[in-house]
Amino acid sequence: QVQLVESGGGLVQPGGSLRLSCAASSSIFSIYTMAWYRQAPGKQRELVASITYGNIYDYTDSVKDRFTISGDIAKSTVYLQMNSLKPEDTAVYYCKIRARDNTYWGQGTQVTVSS
């Protein structure tokens, strides 16, 4: 059973930066989409950023020009560089990899933006 392991979350002051990583425990083949979602307390999980086969990038409006998603398909790894963080970015962040045969989710990593 393939597992996605996330790292890089933590506590950061407003205006700071964090880099999230998500690595698969074994190779995933025929990847269609690599993405990051987040869920804040009392809110629904929302898509933050994604890379779709063919290098199509998508970002939710609130993180455009601040967050950058990147991925290494050969290593089944996806990253999220988060700059100029705001308190409203506080949430649990989840990675997702959708492949031909299955969809995989990470366990989540907490990001807290607070002074």
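The values are calculated or read from the model by the stated rules, or taken from the named source; none is laboratory data. Keep in mind it's a predicted model, so treat the numbers as computed, not measured. Every residue, glycine among them, receives a Cβ derived from its backbone with ideal geometry; neighbour counts consider all protein chains shown. Note: areas computed on protein heavy atoms with side chains; ligands, DNA, RNA excluded. Shrake-Rupley method; radii C 1.70, N 1.55, O 1.52, S 1.80 Å.
Miscellaneous remarks
- Options 40, 49; residue that is touching a helix residue (DSSP H, G or I) at 6+ places or on another chain (Cβ under 9 Å), at pLDDT 95 or above and surrounded by fewer than 16 Cβ atoms within 10 Å (Cβ to Cβ): 40
- Residues of the stretch 72-90 that turn out to be out of contact with any helix residue (DSSP H, G or I) (no Cβ under 8 Å at 6 or more places or on another chain) and within 18 Å of residue 9 (Cβ to Cβ), as a count: 11
- One residue alone among 97, 28, 73, 56 is at pLDDT below 95 and within 12 Å of residue 4 (Cβ to Cβ), and that residue is 28.
- Residue in the stretch 23-32 that is surrounded by fewer than 18 Cβ atoms within 10 Å (Cβ to Cβ), in contact (Cβ under 8 Å) with a residue 60 or more places away in the chain and in contact with a Gly (Cβ under 6 Å, 6 or more places away or on another chain) present: no
- Residue in the stretch 106-115 that is most open to solvent (accessible area, probe 1.4 Å), counting only those that are part of a strand (DSSP E or B) and out of contact with any helix residue (DSSP H, G or I) (no Cβ under 8 Å at 6 or more places or on another chain): 110
- Selection count where residues are in contact (Cβ under 8 Å) with a residue 12 or more places away in the chain, under 19 Å from residue 25 (Cβ atoms), not basic (Lys, Arg) and not in a strand (DSSP E or B), scope the stretch 47-105: 4
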